[in-house]
C-alpha cells in the first residue's frame, strides 16, 4: 500500500484544514510514493518508538504530536535528531494533532464520550478560510462564456454540486482614459452599459486561476473582479466539547468514571475547598460539563461562561487552576499526553476500516514522559 493512500485516509479522519493556526500537521517526513503494509500509532515519536517501528518492519508512523513543530534550518542528527533518524531509515511520519482534536469523532469527542456528554458542541468552533467568493460584472452576451471559463478553472463547486453561480441585472458606469479601447462606447466619454453581476464560490488556492480564466474570456479590456474571503464553520468541529449529562452526577462519580475509562489511578483535581480544607463540592451534582484535550487549561473560561461546573483537560497552569476553583468550577487534569492517548484506538479503527489490508499496531514503547513516584 502506498503512503499516499494512508495519508488520504488520515485526511478523511482528521481534515488538515481543521488544524489550529500555525500547527504542523500532515505528512512531515517520508516519500508519499513509498510502499508500506504496516503502520505504527503513537502520541510521540521518540528514538524508542523508531526502534520499535524498525523491529516491527513498519515503514510509517502515525503520531499525534508533530515530529517537526517549529521550522528547522538544518535536518541533522544534532538539530532534529528524531526527524533525521526517521528520514535516514526511510520511515514516513504523519502528524494528526489539532486537526484530530477538532474533527468530529476525534480526541475531544472521545473525552466527551467517556464523560457521557450529550447535546454537545465545540467550546471553540473551527473557523476555516478555505474558500472565497468571486464576483465579476459582464455584458449579457459574455455571461455564458465567462461562467464556463470560471467553472473550468475550479469555481462553482459546492459539495456534490457543480457549476453553481448567482447572477443579477444592473447598470455599469465607466469612462475610459485616452488610449483605452472600451468594448462599449468610446474613450474619453462617460458611458453606461447593462451588465450582469456573476457570483461564484471557489477554493482560495484556485482564486488566481479563476480570475485569469475570467479575464481571458471577458470582452472588456479591464473587467472588474472582486474576491471576498469567506469564513467556513464546519458543523460540530472545533476545540473542546461542552454539553449536558443525561442525569446530574456528583464530581466524585465523574472522577471515578474518568479513572475507569482511562485506566489512570491518579488525577490532578482543582476545586473549591470548604472550611478546614475539605472539598465543598465533592458530592454536589453537576449537569453541564466540558472537556478539551492537551494544554487547554485556559479554555476553562469559555466553559465557565457556557455554564459548565466541571472541566476535564490535559494540563492547566497554576493560576488558571486557582481562578477556576475560585469561580466554583471543578477541574480534572489527566496529564497532557494521557488526555490525547485515548484517541489512538479510534484512529486505528478508522484506518482499518478504510484499508482492511493495512496492519495497524499501537506502540508499546510510547509512554507519557512523566510518572508518579
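Here, each number is a calculation from the coordinates, and none is a lab measurement. Keep in mind that what you see is a predicted model, and the values were worked out from it rather than measured. Heads up, the Cβs are rebuilt from the backbone with ideal geometry, glycines too, and the neighbour counts pull from every protein chain shown.
A simple packing score, the average count of other Cβ atoms within 10 Å per residue, orders the peptides 125-133, 86-94 as 86-94, 125-133, with the highest score first. Between the alpha-carbon centres of the range 68-126 and the range 154-203 there is a gap of 44 Å.
Note on the chain: with a GNM built from Cα contacts shorter than 10 Å, the maximum mean-square fluctuation among 55, 202, 34 falls on 55.
Under the √(5λ) rule applied to the eigenvalues of the Cα gyration tensor, what semi-axes describe the equivalent ellipsoid of the chain? Give them in Å, descending. Intermediate results must be reported in sequence, preceding the final value.
Details: eigenvalues 494, 175, 60 Å².
Semi-axis lengths for the chain are 50, 30, 17 Å.
If you run the Gaussian network model on the chain, springs between alpha carbon atoms under 10 Å, then out of 60, 329, 196 the most flexible one is 196.
Model label points for residue 209 and residue 143, set 7 angstrom from Cα along the Cα-to-Cβ axis, are 2.7 nm apart. For the listed peptides 168-175, 208-215, 180-187, a ranking on the average number of other beta carbons within 10 Å per residue, highest first, reads 208-215, 180-187, 168-175. Rounded to the nearest 5, the antiparallel percentage of DSSP beta bridges internal to the range 216-373 is 55%.
When the chain is treated as a GNM with alpha-carbon contacts under 10 Å, the residue of 17, 302, 363 showing the greatest mean-square fluctuation is 302.
Using a cutoff of 8 angstrom between alpha carbon atoms and counting only pairs six or more residues apart, the relative contact order for the chain works out to 20 percent.
Using DSSP, restrict attention to beta bridges with both residues in the chain and report what percent are antiparallel, rounded to the nearest 5. Please report the intermediate quantities before stating the final value.
Working: 44 of 64 bridges.
Antiparallel bridges: around 70 percent, rounded to the nearest 5.
From least to most packed, judged by other beta carbons within 10 angstrom and beginning with the fewest, 76, 330, 313 follow the order 76, 330, 313. Each Cα pair under 8 Å and six or more residues apart adds its sequence gap; the mean of these over the residue count of the range 226-373 is a relative contact order of 21 percent. Mean separation of Cα pairs under 8 Å and 6 or more residues apart, divided by the residue count, gives the range 128-232 a relative contact order of 48 percent.
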